[in-house]
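Reviewing the structure listed below.
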Amino acid sequence: MAAEPASGAGLFGADLAADPRPTFAELRKGSPVLRLPDLQGFGDGGVVILSRYEDVHFALRHPEVFSSTEAAVDIGQDRPLIPLQVDPPDHAGYRRLLDPHFSPRAVNGMEGAVRELAAELIEGFAARGRCDFHAEFATPFPATIFLRLMGLPMEELPMFLRWRDGIIRPQVDPSDLDGARTVRKQTGQEIYAFFDAVIDDRLASPQDDLMTAFLTDEIEGRRLSRDEVLDMCYLFILGGLDTVTASLDCLIARLAQHPEERQRLVDDPSLIDGAVEELLRFETPVMGVPRLVVADVTLDGVEVKAGERAILLLHSADTDEAEFDGADEVDFGRERNRHFAFGGGPHRCLGSHLARRELKVALEELHRRIPEYSLAPGAELSYSPGIRQVDPLPIVFPVGAR
Amino acid sequence: MRVVVDPDKCVGHGRCYALAPDVFEPDDDGYCMVRHYEVWPAVAELVRRAVANCPEEALTIED
Ligand code: HEM
Ligand code: SF4
């Protein structure tokens, strides 16, 4: 692919998502601050693409220059999502309310149930010798954990998944921007209506779940308004259902094609923590995050102006040779790994501690039950752009051996 | 050798307490607390590793 794609279509197309590394390396070398006249589905006007680790690092940590408000792609929402599209200082209050529910301590309390669920799902296909890992594990595993945490009914999972896809991957022709907007808007209205009803229910009969906590927890002595709770729920449906699925897809697709790496983890599970960090770096499933420039700034000699939109290419930052020695190699024992797979700065992923635990437990349980697996013969994987899911992900494995 | 965390920079990635749990621990929100500022020889390597893995450059070693 050319170093300077004429439009954003190439930069976020499906071809690129399978292996963005060569294109991103060209970008970092030739045009680390690339200005595109337009980017499909990314609002009106131009957009600036940051690809170097150093610049992405700066942008993540300077919300007074790179704001998260009104920055996002159209995701069908009526108001800014909380806390994703709120800047400091207001942002901090929301995080103080949310952080304890997602802290390492809170995650420790969930681990037993998480492990049981993983084992149960794996048992469902272990005797068959093949499975679609995306549909049979990577999708139900994080979704079930998330719905239990929120206190939402499992039977509704297909509906939540349909919402997620309606927002993130609307099934219309990629050039049909109005069509995509309509699908997103409709889906958005369904999401608001559903959670509105859940809020009524929890106000009437509180439960021990996150939905109730949103309604009863206080920030500096005040409770959240109904709209604020809705604006969190909207984000959680997207953030909680998609990203761990994509990460599991990326990790297992990699290990299924690199038997020596898989075998090292099977032989020595103590390597899994490092492997999860390294594979998150190498794969960076959330390829980039959007921002709105609110103060003029010069990066790599290029002036970026207030009012411009920006995309911070996390995937490119995480494979930048200037920060990572041997950036194109997977090294489970990497000494220095300051990756941004979970973003960074104030908006560091709220779910990162939970997500890491889910990935670790998934690898441990899978390798305990199915130590050997590979891609189904003839399988051709397709990675979705933006958030890199692999659907389907057919793998095969010997049965019986345990 | 001493290690300090800058609470204005720490955003709770948790890399430090995962790598060197004897020296760092999460507070109730998942942000870094230093349990022992004075680093003893047996954990020095792990502490260096933790510092090298903090994406926010929130940790510093003072010799
Ligand atoms: C491996 C899985 C995951 C990855 C790769 C991931 C990635 C990210 C990234 C890159 C951001 C930063 C967005 C930005 O700076 O604009 C983010 C934020 C966020 N994530 Fe995740 N995420 C994952 C799992 C989760 C889970 C499981 C949840 C919830 C249950 C979650 C909830 C959130 C929330 C609420 C935010 C917004 C935080 C804020 O703005 O303060 N994420 N995530
Ligand atoms: S790794 Fe850095 S940012 Fe993360 S908890 Fe430790 S000190 Fe804080």
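Descriptive notes on the structure:
- Test for A:Leu375: is it at pLDDT 95 or above and closer than 30 Å to A:Gly129 by Cβ: yes
- Enumeration of residues in the stretch B:19-43 that are in contact with a strand residue (DSSP E or B) (Cβ under 9 Å, 6 or more places away or on another chain) and either assigned to a helix (DSSP H, G or I) or among the aromatic types (Phe, Trp, Tyr) (or both): B:Phe24, B:Tyr31, B:Tyr37
- All helices (runs of 4 or more DSSP H) inside the stretch A:88-188 with 2 or more residues being among the acidic types (Asp, Glu), within 16 Å of ligand 1 (Cβ to nearest atom) and under 22 Å from A:Asp391 (Cβ atoms): none
- Scan of the stretch B:1-33 for residues that are among the β-branched types (Val, Ile, Thr) and more than 9 Å from ligand 2 (Cβ to nearest atom), ordered by number: B:Val3, B:Val4, B:Val23
- The set of residues in the stretch A:280-323 being basic (Lys, Arg) and either within 16 Å of ligand 2 (Cβ to nearest atom) or more than 21 Å from A:Asp87 (Cα to Cα) (or both) consists of A:Arg281 alone.
- Residue tally, condition touching a residue at least 40 places away in the same chain (Cβ under 8 Å) and either surrounded by 15 or more Cβ atoms within 10 Å (Cβ to Cβ) or within 16 Å of ligand 1 (Cβ to nearest atom) (or both), over the stretch B:51-60: 6
- Complete set of residues in the stretch A:48-76 that are within 18 Å of the chain's Cα centre (by Cα) and surrounded by fewer than 21 Cβ atoms within 10 Å (Cβ to Cβ): A:Ala72, A:Val73, A:Asp74, A:Ile75
- Checking A:Glu380, A:Glu365, A:Glu372 one by one, the residue that is out of contact with any Pro (no Cβ under 8 Å at 6 or more places or on another chain) and touching a residue at least 40 places away in the same chain (Cβ under 8 Å) is A:Glu365 and no other.
To keep it simple, each residue is scored yes or no on (1) within 20 Å of A:Ile272 (Cβ to Cβ); (2) within 11 Å of chain A (Cβ to nearest Cβ); (3) not aromatic (Phe, Trp, Tyr).
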| residue | (1), (2), (3) |
| --- | --- |
| B:Val3 | no, no, yes |
| B:Tyr17 | yes, yes, no |
| B:Val43 | no, no, yes |
| B:Arg48 | no, yes, yes |
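- Scope the stretch A:91-126; condition among the basic types (Lys, Arg) and either away from every other protein chain (no Cβ under 14 Å) or free of Cβ contacts under 8 Å to residues at least 60 places away in the same chain (or both); matching residues: A:Arg105, A:Arg115
- Any hit, the stretch A:98-116, residues being over 20 Å from the mean Cα position of the chain (by Cα), surrounded by fewer than 19 Cβ atoms within 10 Å (Cβ to Cβ) and under 29 Å from A:Thr187 (Cα atoms): no
- All positions within the stretch A:204-226 that are in a helix (DSSP H, G or I) and surrounded by 13 or more Cβ atoms within 10 Å (Cβ to Cβ): A:Leu210, A:Met211, A:Thr212, A:Ala213, A:Phe214, A:Leu215, A:Arg226
- Check on B:Asp63, within 12 Å of chain A (Cβ to nearest Cβ) and exposed (fewer than 15 other Cβ atoms within 10 Å of the Cβ): no
- The residues on offer are A:Arg181, A:Arg130, A:Arg162, and the sole one that is at pLDDT 95 or above, surrounded by fewer than 16 Cβ atoms within 10 Å (Cβ to Cβ) and more than 14 Å from every other protein chain (Cβ to nearest Cβ) is A:Arg130.
- Tallying residues that are loosely packed, with under 14 Cβ neighbours inside 10 Å and in contact with a Phe, Trp or Tyr (Cβ under 7 Å, 6 or more places away or on another chain) within the stretch B:22-43 yields 1.
The values are calculated or read from the model by the stated rules, or taken from the named source; none is laboratory data. Only a predicted model underlies this, so the values are computations on that prediction, with no experimental measurement involved. As a convention, Cβ positions derive from the backbone with ideal geometry for all residues, glycine included, and neighbour counts pool all protein chains shown.
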